[in-house]
Amino acid sequence: MRTGIVALSAVFVIGLSVAVMAGEVGGPQAPAKEITIDGKKPARFDHQKHMAVAGVSCGQCHHDAAYQPLSAEAIAALPKARSILCVSCHNEGFAKETLRQRKDIFHARCKECHTAGVGGKKGPTKCIDCHLK
Ligand code: HEC
Ligand code: HEC
Ligand code: HEC
Ligand code: HEC
């Protein structure tokens, strides 16, 4: 009986770690639909269109507190869903002054790649291409 329970819990633990490795723990996943990045000047962003571009990975935009890129698995395992939001770090309390404002961090990340291009594709650079108004 006791060995049965031990064997069962071993199966459970292995099953759980496989689920964690596959990123199936029900943590934050890339949204399937276009999202609105909602500050004073709302902008649209579509994960699926971006992930379809060759050479784009989660970690090109999402990173941790040590500025290391985050994989989809690492994002799914985040204990707090809200910690994925850029302003959870880039706010008034952020160490580097030039990386506190929404405009600075988003324009740096979005426009840099749209101008330089990735996988032979460039992105749009007119205000209205990203901003809703
Ligand atoms: C490649 C996409 C992109 C382009 C092109 C772009 N922006 Fe933005 N911008 C963003 C994103 C994303 C944000 C963050 C959304 C927000 O804060 O409202 C932002 C934020 C801003 C903000 C700050 C809003 C706030 O809450 O503090 C201003 C102002 C702004 N943009 C003006 C412009 C102007 C003017 C242009 C054209 C010259 C432009 N943007 C072009 C993506 C873009
Ligand atoms: C090209 C940039 C980029 C890439 C690549 C990217 N994301 Fe995002 N993601 C963003 C931005 C910008 C936001 C909005 C953050 C904010 O509002 O602070 C976001 C938001 C999210 C959110 C929160 C959604 C919500 O509505 O609250 C999740 C979860 C997420 N991303 C997961 C992922 C995963 C998983 C991948 C890889 C499969 C990925 N992202 C790839 C830029 C990106
Ligand atoms: C967990 C905290 C955290 C989150 C969340 C976070 N960042 Fe950062 N970010 C950092 C740190 C730390 C650095 C490195 C700062 C430095 O160089 O001192 C950084 C640097 C940057 C830089 C500057 C890169 C350079 O070349 O200098 C940009 C742009 C940036 N982040 C954009 C974003 C965007 C966009 C998001 C959301 C998709 C985001 N960050 C989410 C912590 C975070
Ligand atoms: C790593 C490079 C990269 C980053 C970072 C990036 N983009 Fe893009 N984006 C692209 C490319 C490439 C295209 C063109 C895709 C195509 O033609 O299939 C594109 C297309 C777009 C489009 C037009 C397609 C659509 O969704 O209607 C919008 C809007 C856009 N990006 C917004 C943003 C915003 C907002 C950010 C920052 C939060 C951002 N992008 C960050 C590479 C990037």
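The values are calculated or read from the model by the stated rules, or taken from the named source; none is laboratory data. Bear in mind that the values here come from a model prediction, so they are computed numbers and not experimental data. Neighbour counts run over all protein chains shown; Cβ positions are idealised from the backbone, glycine included.
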*asked:* Looking at the structure I just gave you, is Ile37 near ligand 1 (Cβ under 9 Å from one of its atoms), surrounded by 16 or more Cβ atoms within 10 Å (Cβ to Cβ), touching a residue at least 60 places away in the same chain (Cβ under 8 Å) and under 17 Å from the mean Cα position of the chain (by Cα)?
replied: yes
*Of all residues in segment 49-90, how many are near ligand 4 (Cβ under 9 Å from one of its atoms) and either surrounded by 13 or more Cβ atoms within 10 Å (Cβ to Cβ) or under 12 Å from the mean Cα position of the chain (by Cα) (or both)?*
7
_Could you list, ordered by first residue, the pairs with Cβ atoms under 7 Å in which the first is in segment 76-93 and farther than 18 Å from Gly39 by Cα and the second is assigned to a helix (DSSP H, G or I), at least 6 apart or interchain?_
Ala77/Val20; Leu78/Ile84
*Output yes when any residue across segment 34-51 is at pLDDT 95 or above, on the phi > 0 side of the Ramachandran plot and more than 6 Å from ligand 2 (Cβ to nearest atom), and no when none is.*
no
*Of everything in segment 49-61 that's touching a strand residue (DSSP E or B) at 6+ places or on another chain (Cβ under 7 Å) and not in a helix (DSSP H, G or I), which residue is nearest to Lys96 (Cα to Cα)?*
Val56
_Within segment 91-103, tally of residues that are within 12 Å of ligand 1 (Cβ to nearest atom), assigned to a helix (DSSP H, G or I) and surrounded by 14 or more Cβ atoms within 10 Å (Cβ to Cβ)_ = 1
*Subset of segment 104-120 that is more than 9 Å from ligand 3 (Cβ to nearest atom) and surrounded by 13 or more Cβ atoms within 10 Å (Cβ to Cβ) - its residue that is nearest to Lys41 (Cα to Cα)*: Lys111
